[in-house]
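Contents: one structure, followed by commentary.
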Amino acid sequence: MDPRHELRVKIIQQLFALSFVDGKIKKKEDKTISIIKILPQINELIKKHAPKYPLDKVSKVDLAILQLAVYELNFEKKTPPKVIIDEAIELAKELGSEKTFGFVNAVLGKIYNTTNTTNPTNTINK
């Protein structure tokens, strides 16, 4: 298995676990820590582009996949957007329910189309 895919799975597992334990996981990947620092911004983007789905009603696995993908798509920007979206869909097929990949694809497509045309310089403030 691709090491980048394995890392993404591990990060999704950590984000999923954090949704239950409020930040108390002992060993976190560096990327997970970066995501946690801007999680409110990431969640706002998800809420804005999936208004019919309150975050507390979205499956925690689906939410973790979206959080990672939105981070990579809008804040990290090291990987081409199509690759990020395709990888998120594959992770959704692997880890989520049978309808997860469609939901993830729709939300990420809206986020990409909106932020790519209206805010092309969205980056992390270090």
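The values are calculated or read from the model by the stated rules, or taken from the named source; none is laboratory data. Bear in mind the structure is a predicted one, so any value in this text is a computation, not a measurement. Please note: Cβ atoms are built from the backbone with ideal geometry, for glycine as well, and neighbour counts cover all protein chains shown.
Would you tally the residues in segment 11-33 being under 13 Å from the mean Cα position of the chain (by Cα) and either over 12 Å from Gln67 (Cα atoms) or surrounded by fewer than 16 Cβ atoms within 10 Å (Cβ to Cβ) (or both)?
0
Inspect segment 74-95 for any residue being in a loop (DSSP other than H, G, I, E, B) and buried (at least 18 other Cβ atoms within 10 Å of the Cβ) and give the result as yes or no.
Taking every residue of segment 74-95 in turn, none turns out to be in a loop (DSSP other than H, G, I, E, B) and buried (at least 18 other Cβ atoms within 10 Å of the Cβ).
For segment 74-88, which positions are in contact with a Leu (Cβ under 8 Å, 6 or more places away or on another chain) and either over 23 Å from Asp56 (Cβ atoms) or β-branched (Val, Ile, Thr) (or both)?
Passing the criteria: Pro81, Ile84, Ile85.
Since Lys37 meets every condition but one in (1) crowded, with 16+ Cβ neighbours inside 10 Å; (2) more than 18 Å from Thr115 (Cβ to Cβ), which condition does it not meet?
(1) is the only condition that Lys37 fails.
Please tell me if Glu87 is closer than 20 Å to Arg8 by Cβ and at pLDDT 95 or above.
yes
Determine which member of the set Ser59, Ser19 is touching a Leu at 6+ places or on another chain (Cβ under 8 Å), in contact (Cβ under 8 Å) with a residue 24 or more places away in the chain and under 18 Å from Ala92 (Cα atoms).
Checking each option against the conditions leaves just Ser19.
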